[in-house]
Structure formats: structure tokens, C-alpha cells
Amino acid sequence: MHLLAPSRRQFLAASAGLAAAAALPRLACFADDKKEPPFKISLAQWSLHRTLFDGKLDNRDFAKTAKNDYGIEAIEYVNQFWMDKAKDAAYVAELKKRSEDLGVKTLLIMCDKEGDLGDSDEKKRTTAVENHYKWVEAAQKLGCHSIRVNAASDKKLSFEEQQKLAADGLRRLSEFAAPHGLNVLVENHGGLSSNGKWLVGVMKLVDRKNCGTLPDFGNFKISEGEEYDRYQGVEELMPFARAVSAKSQEFDADGNEIRTDYFKMLEIVVKKYDYHGYCGIEFGGGGGGTLSEPEGIIATKKLLERVREKMSL
């Protein structure tokens, strides 16, 4: 084991470097053929969460980092890195200008820590809904198509009761977002939201055109020791999807993600459900893993490009 780990790391680091160098020519190839790629690649800000939390990267420089370091021209913000800035018009305008100057598209804002949209307490649920208003407004100013939210409720309640409560909060938030031209997307993000059937039921109860899902390849842990089948879950959520999160954690010596078969998963996403939008790189590794955040982003991008090339043949 001790002999294999370094060689594996070296192999992946070398592969990551090659990926960065090869990324732009591949994109150019699609352009030369006047053929759109089967899906596009964006960068979710959570991929750099340790770097951001450690103060080594300013939130305002995320667009520049995505383009200059990784050759990615579409980004997904996370509100945790600028929680107190949503209503700061000058700050939001600066984010927008920096992105536009670089030719980087801002797709959405992932929103956490604003309360449970399915809270069993009516006042707390209303507060959670209203806490998201500022992110809808910021997302509109940035030119996003959506905000991503969570559908948490009271775990002590029944399957059906949690569905009803989550649907109530989501419906109210979606009604606020509609005049702003924004979608409200729910990610499978733990608890019952990681149960595909439960979340599909919530979507049907909400019944709003601008309320959909953001399937994540990896977030299917319902509870300790209970994991929902990720392929089944993504398949169930794709009919409502407006964005997709390509979650990655760790890679084998061949550059494949060890928990998710990207080729199989993207066959479902792209081929079966005709999704040709952005797949956001969301590297969640680091912290004792074999790859650093930059290495993980590049390794994930390389894997997505391999899948995309195979699909384009």
C-alpha cells in the first residue's frame, strides 16, 4: 500500500497536467466542426471550498481562477463564501463585471444555511423562504438562470408529511422567483432529499414550471448506513433537472472516479434524458485525500472530457 500510493498520486498529477494543456484544443475542435458538445462543463465553487475558507482565494476572483487556471468559462457560486454580501449592490455589480470582462458565464448560486424550507414550524418556514429572496435578487443581477436550495424538513415526521412541508416552502419561493426569471432547483443533499422517489414527489406537489432539480452524482446518503442507488436517483431526478452536479471525490490509476461510473451516469443524463446543458465540476476531496483541490478539479475535468469525446464519436 505504501508503495502504490505515491505512484498513484504522481500518475494522477501528471494526468491532470496533461488535461489542462489539452482542454482548449478539444473545445476548439468542437467549434471547428460547428458541432455542439454533448454537454458543457462548468465549475462549482465548492470545488475550492478549503482554499476559500482558508482565505487563500477571494470570492471575487473565482471567475478569474476558473478561466485562467482551469480553462472553464461557466461558474456556479456558493453563498457561504459571501453570506453578508447578497444585498450589497456594489459587490454584486463587481462580481458581474469581473465575470463579464473575462467572458465567464455565471449560472447559479448554491444557497445553504438560510433555514429549512420544509420546517414544521410555520414561522420558521416562512423565515427560511424569505431568507432566500435576497439570493434570488442577487442571482438575477448576476445573470444566473437559477438558485440551488435544499429541501430539508423535520426528520421526525413521516415521509409524506415532510414532502408536504418541503413542497409548501418551495412553492412559495418559486412564486417569488418567477417574476425575476429565476428557477429554484433542489439538490439531493442528504436526508430524504437523497431519496429520488421522495424528491420526485415533492416536485409533483410543488407543480411550478420554475421549480426543478439539480441532480448530484454523489449526494445519496439518506442516513448513517443508508445509501440510495445513485444511478436510480439521478434517473428519477433528470426529468425535472435544469442543472447537473458532477460530484467527484477520488480517482483510480486510470483517472476514473472510484464511486461513480461517469460513462454510465452521463449516458443516463445525456443520452436517455437529452440533457445538453452544463455539468458542474464539484470536487469534494482533499483533506487527507490523494489529490489537492486543483488536482481534483483537473482530474474531474479530464474525465468529463473523455466521456464527452466518446459520446461525440
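The values are calculated or read from the model by the stated rules, or taken from the named source; none is laboratory data. Everything numeric in this text was worked out from a predicted model, so none of it was measured. Note that we place each Cβ from the backbone using ideal geometry, even for glycine, and neighbour counts take in every protein chain shown. When the accessible area is computed, the model is the full protein with side chains, heavy atoms only, and any ligands, DNA or RNA have been set aside. Shrake-Rupley method; radii C 1.70, N 1.55, O 1.52, S 1.80 Å.
Quick check: the angle from helix 122-131's long axis to the longest principal axis of the chain, C-alpha only, nearest 10 degrees? Around 40 degrees separate the two axes.
Remark on LYS105: its backbone amide H falls under 5 Å from those of ALA74, ILE75, a criterion applied only to residues 5 or more positions apart or on other chains, H modelled at 1.01 Å from N.
In straight-distance terms, cross-link reach from LYS310 covers every one of the aspartates and glutamates whose alpha-carbon lies under 20 Å from its own, apart from those fewer than eight places away in the same chain; here that gives ASP32, ASP33, GLU36, ASP252, ASP254, GLU257, ASP261, GLU267, ASP274. The heavy atoms of ASP229 present about 80 square angstrom of accessible area, all protein chains included, probe 1.4 Å.
Between 0 and 90 degrees, the angle of helix 293-312 with respect to the longest Cα principal axis of the chain falls at about 80 degrees. Taking 20 Å as the straight-line reach from the Cα of LYS85, the lysines in range (excluding those fewer than 8 positions away in the same chain) are LYS56, LYS64, LYS96, LYS97, LYS105, LYS113, LYS134, LYS141. Ordered from largest to smallest accessible area (heavy atoms of protein chains, 1.4 Å probe), the residues GLU137, GLU295 come out as GLU137, GLU295. Once the dipole of the chain is set up with Lys and Arg at +1 and Asp and Glu at -1 on Cβ about the Cα centre, which of GLY190, LEU173, ASN219 lies farthest towards its positive end? So the residue we want is LEU173.
Split the accessible area of the stretch 71-190 by element, probe 1.4 Å, and carbon with sulfur accounts for 48%. Take 43-49, 97-103 and order them by the average number of nearby Cβ atoms within 10 Å per residue, most first; the result is 43-49, 97-103. Against the main long axis of the alpha-carbon atoms of the chain, helix 4-32 sits at an angle near 80°.
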